[in-house]
Amino acid sequence: MSNLSADELEVIQYVKRFANDEVKPLAKEIDLKMEVPDKLIKRMHELGLFASYIPKEYGGYGMSFSFLVNVIEELSKACPSTALVLDGALTLFAEPVLMFGSEDIKKRYLPRVVNGEVGGLALTEPGAGSDAAAIKTMATKEGSEYIINGSKIFISNGRLAKFYVVDVVTDASKKHKGISTFVVDADTPGLKISRDIHKLGIRGSSTVELVFENVRVPEKNIVGTLNEGFKVVMETLDAGRIGIAAQALGIAEGAFDEAVKYAAQRKQFGKAITEFEGIQFMIADMATKIEAARLLVYEAAGKWDRHEDCIKISSMAKLFASDAAMDITTESLQLFGGYGYTTDMDAERHMRDAKITQIYEGTNQIQRVIIARKILEEFGI
Ligand code: COS
């Protein structure tokens, strides 16, 4: 919490209350119905959460990235699908526009984010997951427009998004130096959702496949410079991974909290199971991992706020927090015993929700590659 200003700390208390009183009671239904209700998205807008991270000159509150990370953590304790709506809109859509967009793009799109309109990032393709530079979706120039053809898969916020940041090939001869990033409105003719993708966890989050058929986008919608879009998306993911690390942290904390409370009232052999050393060791290990994950996540967010190089720390935070979330949700379910394995309890949902954090925004294998490359670079190797 140390990165937050006094005002931000105060607002976080409201966010905690909102998450606990209004989001958490809906989490089970959100999972079952596979949808975050509009009313929750509207409430996040009313509370100013979409506006929080947008600078004042575009109508927002100009709060810090650390604040946003705390918000994602608090919402994820209650419902990570709900958290992802905000996380996607701010770290994956607004952040690249803020970092690289022209003044014109910022003025056209950021006030809409402040107004609660959701955005997303369309990078991944069936043949380009970990190897992001292998994308094939192509944009060809015609006058002052680009015509986009291709498809994108696993697009979070898919059905909710009013606009996406989209990565396309603009010069096929140059690999990652021939990729450009555009903002594309979701209602542009030729842009279609070809299917909804159903998932193991974060089932309330809309994940879709997008098809681009002769989608015309004005040249002025390029984010940054032509053929320099790979850098835009890589830096976006540096921020995005801190957001996912915060989501993982929140999932772990939510699961842990419920499991400890349950264990304290669960009696076997004539006493609460928390009196057994075996259970205490589990609790101690889980709490230690949560604390370590929290320190890494807050450190990464602080560095992002200070505009320091975040490549290594954001991958470390995402790697550690997501692995911790998977361990902690698994152990939390174990504390519930047979009851934990049933859908009567939330423990199984937490475990399902945790799994994606080890996969999206770069698998944890890719995070290890990124960390190792940076370490070797530091050694001059
Ligand atoms: N931040 C900023 N710039 C970065 C970067 C980062 N995290 N990672 C790479 N770059 C830059 C490099 O500096 C390099 O720039 P130059 O061309 O100016 O030298 C360029 O991008 C290419 O980098 P690199 O040679 O490392 O590219 P590779 O194709 O070998 O690998 C990885 C890039 C594996 C790191 C990348 O493809 C990746 O992150 N993959 C995972 C994709 C992902 O997270 N997908 C999830 C989508 S959202 S669910």
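Observations, loosely collected:
- With the convex hull drawn over the C-alpha atoms of the range 18-59, the volume per residue is 75 Å³.
- Rg/Rh (Cα only; Kirkwood hydrodynamic radius) as it applies to the range 198-337: 1.16
- Footprinting exposure proxy for Asp196, Asp38 (fewest neighbouring C-beta atoms within 10 Å first): Asp38, Asp196
- Pairs of Cα atoms in the range 6-117 fall into 5 Å distance bins, from 0 up to the last occupied one, in shares of 2, 12, 24, 24, 18, 11, 6, 2, 0 percent.
- Across the range 6-117, C-alpha contacts under 8 Å between residues 6 or more apart give a mean separation that, scaled by the residue count, equals a relative contact order of 32 percent.
- Folded to 0 to 90 degrees: helix 6-18 orientation relative to the chain principal axis, Cα: 70
- Amide H contacts of Ala122: Val165, Val166, Asp167, each under 5 Å away and 5 or more positions distant or on a separate chain (H built 1.01 Å from N in the peptide plane; Pro and chain starts excluded).
- Per DSSP, loop trypsin sites (Lys or Arg not before Pro) in the range 251-331 with at most 14 further Cβ within 10 Å: Arg306
- At most 15 other Cβ within 10 Å, DSSP loop - chymotrypsin sites (Phe, Trp or Tyr not before Pro), the range 184-281: Phe269, Phe276
- Footprinting exposure proxy ranking of Asp323, Asp185, Asp353, Asp131, fewest other C-beta atoms within 10 angstrom first, gives Asp131, Asp185, Asp323, Asp353.
- Length-normalised contact order of the chain in % [C-alpha pairs under 8 Å, at least 6 apart]: 17
- Using a cut-off of 20 Å between Cα atoms, the listed pairs Lys177/Lys231; Lys152/Lys312; Lys162/Lys199; Lys16/Lys77; Lys141/Lys220 include Lys152/Lys312; Lys162/Lys199 as exceeding that distance.
- Degrees separating the helix 364-378 axis from the principal Cα axis of the chain, which is the longest one: 70
- The long axis of helix 103-114 is offset from the longest Cα principal axis of the chain by roughly 30 degrees.
- For the chain, the alpha carbon positions stretch 79, 52, 41 Å along the principal axes, listed from largest to smallest.
- With semi-axes defined as the square roots of five times the eigenvalues of the C-alpha gyration tensor, the equivalent ellipsoid of the range 120-227 measures 23, 16, 11 Å, largest first.
- Residues Ile371, Ile72, Ile242, Ile41 arranged by fewest to most Cβ contacts within 10 Å: Ile371, Ile41, Ile72, Ile242
Bear in mind that the values in this text are calculations on the coordinates, not laboratory data. None of the values given here were measured: they were computed from a predicted structure. Glycine also receives a Cβ, built like all others from the backbone with ideal geometry; neighbour counts cover every protein chain displayed.
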